[in-house]
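Contents: one structure, followed by commentary.
The values are calculated or read from the model by the stated rules, or taken from the named source; none is laboratory data. Just so it is clear, the model here is predicted, and its values are computed rather than measured. Note that each Cβ is placed from the backbone with ideal geometry, even for glycine, and that neighbours are counted across all protein chains shown.
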Amino acid sequence: MAVLAEMNKEIHATMNINQLLRILVQKAGVGVNFERCLIYLLEEDYLRCVAWIDRIKREKASIIEKRVGFRMDENAVEVLVVKMGKSIYVENTLQDKRVSPKMLRVSGTREYGVSPLIGRKSVLGVLTGDKFYSKDPILPEDMESLQLFAGHISLALENAMLYEEKEKFNKILEKTVRERTSELARAYQDISRKMTKLSSFYQMARLLNESLEQNAVLEQISTLLGSLGYDAFSVTVLQDGRAKNVFRKGLGEDDERYLDYPLPQQVPEEFWASPQVLVINDNSLIRLPPGYMEYCQKRKIQSSILTPIISNGKRIGVLRVYSPNPDAFADEQKDFFYAFGQQAGAALENAIIYQKVVDEKNHIKTISTRIEQENLYLKERIKSEFVIGRSPKMAEVMDLVQKVAPTPTTVIIYGETGTGKELIANAIHEMSPRRGRSLIKVNCAAIPEDLIESELFGHERGAFTGAYEKRIGMFELANGGTIFLDEIGDLSMKTQTKLLRVLQEQEIQRIGSKAPVRVDVRVIAATNKDLRKRIEEVKFRSDLYYRLSVFPIKLPPLRERKEDIGTLVDFFLNKYAHIKQNKMKVHPEAMNVLLKYSWPGNVRELENVIERLVIVSRNDAITLDDLPRELWNDATTNAPAKHLGEAVREYKKNIVIQTLASAGGKKSKAAEMLGLPRSNFSRLLKSLNL
Ligand SMILES: Nc1ncnc2c1ncn2[C@@H]1O[C@H](COP(=O)(O)OP(=O)(O)OP(=O)(O)O)[C@@H](O)[C@H]1O
Ligand SMILES: [Mg+2]
């Protein structure tokens, strides 16, 4: 029993199975008074001999590393003991059929005992013992103590095995914990990276939306990229189909030539094909446009990342970030840059729209100031330069003007060049309730055929090549006021059709827009052409003609209202008096020529002649010599042979007109100058139809 106590004590000193087995087998051998003992342990379906002691030959027990023992389907007492869980005493190995001959060969003993090592749940193995050397008999007490030791051995072994298992488990657990820890660390890193990304996204969105001004937005893009460590980049935007480099940083300013290429030639084909972020870490790996290669080589750019700038799902440009290092950009950055490109796109588009609104506002402002100034000037002119002419024909005209002016009726003014069509149009507007609003003048003959429509009706952005901006047409500008369509006979048939629609429906359609815009515009047209003849030539639409002819006013040529010449001459002498700081007179002889001349250029020609005369004549009065030759010739050759009475009458009339002109229209003064009593002069005027 002392041995058992000692064994128990030593058992606790170690948890190493081999060492334990050695102790166990040794102590058991001593305790049970056997000479040789063996421990077999069950390893799956093999009962392996693991330790043994031969107390006669050596003191210490040995561990058996080799695989010796029995398969569990072999015929052996040891196997039987495991299967039954009971001790067996073999009295004669030679006669006992249960004994394995293999064991017999090795041990050579005649008598031996085998006890099972019974664990908590199953049999662990067996302990055998014999008295080979002394050949003493194995007594029943020996078998009992073999069994007792076997019990203790099982306990110790099971403990050790559990311990070992626990250690193994601990190791697994530790490993798992270690793995989980690094996994967690990775996740944490990931999250913190995401957080940084998120916060830069947030910052980006906030910063980019801070300003509506394109330059400010670009500065902010630059600041953001700078804070992320990128200091060489360019921003190119597509504007009206053209690439515009709107921002560059950290790149040489020299070679601008490359930047003139259209955008698809500035970027690799692959990038243009799909709106993805493209990382170029090795310039030789990708088919780059030659311009791009040259650009990179010149700047020692080794890698770059190309990001589409996207707004409303449309590519509006490209952000290029460059690095002098190879492999500066990784695929993981693509998501970030893609989102950056979208944010930047939204901000830039906003800025571009904002700029357009500002531009348009300015455009309208410029136009309205121009119109205001023009109107002011016109008002001045109307005040000082009223329509001159007391001839019956002009009186008729002025009567019509007065009647039609207050109505919204469309008016067409016919008349040769220089007869005062524009002047009459001004008068109608000024005498109408629209006088405070704009009078927009369009010279239909002066505007190129391909521009006239957009000039009149306006266009949407991109309505045709060259339509970079939205434009408001003259009709819209004249809204509430009057539009004066001068030289209407020169409009193309196509534009005539559109004009007809406007006149009928009082609404216009900007080119490139489907939505009609209602306008309230009074139309005054003018032409020096014979519109009926143009209809015959199929150059003017007859329906437009009838539409315009609601209220025609025909201005007589000056030669048909010579009575007005004197007044007009006087009027223009006044007008140009400032040139010589003195109002000039016209010598009667010179006046006679002016009256006889046929004035193909009408009032404009007369005005020009007077202005020239005021400048060239050296004296206070304009003499015959001052007059241009063509006036003379025309005045004399054009004079047809007349009856004396008629000639005298005409002569008288001319004299009276001249005198009236010199007298500034004052009848009493003219009578005095002619040496006639006032009453005679009045009668004379009447007889001359003046
Ligand atoms: N009755 C008038 N009284 C004063 N000035 C006149 C008169 N008629 C014409 N004028 C002047 O003659 C010039 C030419 O007139 P206006 O431009 O109105 O002619 P128009 O018929 O429009 O000529 P065109 O067909 O060549 O355009 C202007 O300077 C205008 O002020
Ligand atoms: Mg005119």
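Among the candidates Ile553, Ile565, single out the residue that is outside any helix (DSSP H, G or I) and either of a type in the set (Lys, Arg) or crowded, with 16+ Cβ neighbours inside 10 Å (or both).
Details: Ile565 fails: outside any helix (DSSP H, G or I).
None of the others qualify; the one that does is Ile553.
Within segment 573-582, being in a helix (DSSP H, G or I), surrounded by 12 or more Cβ atoms within 10 Å (Cβ to Cβ) and within 60 Å of the chain's Cα centre (by Cα) holds for one residue alone: Lys575.
Assessment of segment 423-442 against the conditions (in contact (Cβ under 8 Å) with a residue 24 or more places away in the chain, among the basic types (Lys, Arg) and within 16 Å of ligand 2 (Cβ to nearest atom)) yields at least one matching residue.
For segment 614-628, the criterion of being assigned to a helix (DSSP H, G or I) and either modelled with pLDDT under 80 or within 16 Å of ligand 1 (Cβ to nearest atom) (or both) is met by at least one residue.
In a residue-by-residue description of segment 151-173, the property of being among the hydroxyl-bearing types (Ser, Thr, Tyr), out of contact with any helix residue (DSSP H, G or I) (no Cβ under 7 Å at 6 or more places or on another chain) and at pLDDT 70 or above applies to at least one position.
Flag not set for Asp136, criterion: crowded, with 17+ Cβ neighbours inside 10 Å, more than 16 Å from Val77 (Cα to Cα) and either small (Gly, Ala, Ser) or out of contact with any strand residue (DSSP E or B) (no Cβ under 6 Å at 6 or more places or on another chain) (or both).
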